[in-house]
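Here is the structure we will look at, set down as structure tokens.
Values in this text are rule-based calculations from the coordinates and carry no lab data. Please read these numbers as outputs of a predicted model, since none were measured by experiment. A quick note on method: Cβ atoms are made from the backbone with ideal geometry, for glycine too, and the neighbour counts reach across all protein chains shown.
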Amino acid sequence: MEFFCYHRDRPGSAALREKLAEEHWSYMDRYAAQLIARGPTLDGDTATGSVHIVDLPDLAAARAFAFDEPNFQAGVYRDVMLRRWRNVLGRTMWDFPGGREGGNRYLVLGLASGQAADLVPPPDRRDELIAYGPLSSDDGATWLGTAALVQAQGPDTARTVLTPDRYAAIEVHEWEFGGRR
């Protein structure tokens, strides 16, 4: 089962995040084979959160992954979004044709309820998509939105990967490939 996990940083936690960097990376190393994508959201050079898309056996394993993470345990994060996710592209971020470096990258997060939308990525944007998939309830039965990692000219262009009138809110955050430097 694939899961989308978005830890949002608590304001003023940058120093603690930096102090725990090696603990965080060591923790993530344990999940290297299960990670589909990972990396921080940013405001300029300041981290504002961490995205992890991971393939785990079940919801209990996903909750353990999200809540046992060292930054969460130490109070770096103010909240956690954990949702079932489906890897529509069938690849990891390391398989992205655009590579690890270059271009502007974004997390585009559309939150919704009701009739599902954007279950298939726009065909003319596939080369820009690093990861893409619908978000759903714990049991996978209810569509709750869509999450995408996108390479785009800017945030407004990144936002257009989703159909705007189908979502209660669309968030766009600067994002970069994560992992050890």
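A few comments on the model shown:
- Between Thr160 and Val120, the C-beta separation translates, for a Förster distance of 22 Å, into a calculated FRET efficiency of about 0.90.
- Rounded tilt (10° steps) of 59-68 against the dominant C-alpha axis of the chain: 50
- Calculated FRET efficiency, Asp79 to Arg100, Cβ-Cβ distance, R0 = 25 Å: about 0.35 to the nearest 0.05.
- Cα centroid of the stretch 1-74 to Cα centroid of the stretch 83-113, whole Å: 16
- Evaluated over the Cα positions of the chain, the convex hull gives a direction-averaged projected area, one quarter of its surface, of 9.8 nm².
- Cut-off under 5 Å, modelled amide H: who pairs with Thr142 long-range: Ser137
- Each stretch of four or more DSSP H residues adds -39500 (n - 2.57); spread over every residue of the chain, this sum gives -5000 deg cm²/dmol at 222 nm.
- Within a Gaussian network of the chain (alpha carbon springs, distance under 10 Å), most fluctuating of Tyr106, Tyr132, Tyr167: Tyr167
- Placing +1 on the Cβ of every Lys and Arg and -1 on the Cβ of every Asp and Glu, with nothing else charged, gives the stretch 54-161 a dipole about its Cα centre of roughly 120 debye.
- Residue-by-residue Karplus 3J(HN,Hα) for the stretch 83-96, coefficients 6.51, -1.76, 1.60, Hz, glycine and proline x: 9, 4, 8, 10, 6, 5, 6, x, 9, 9, 5, 6, 8, 4
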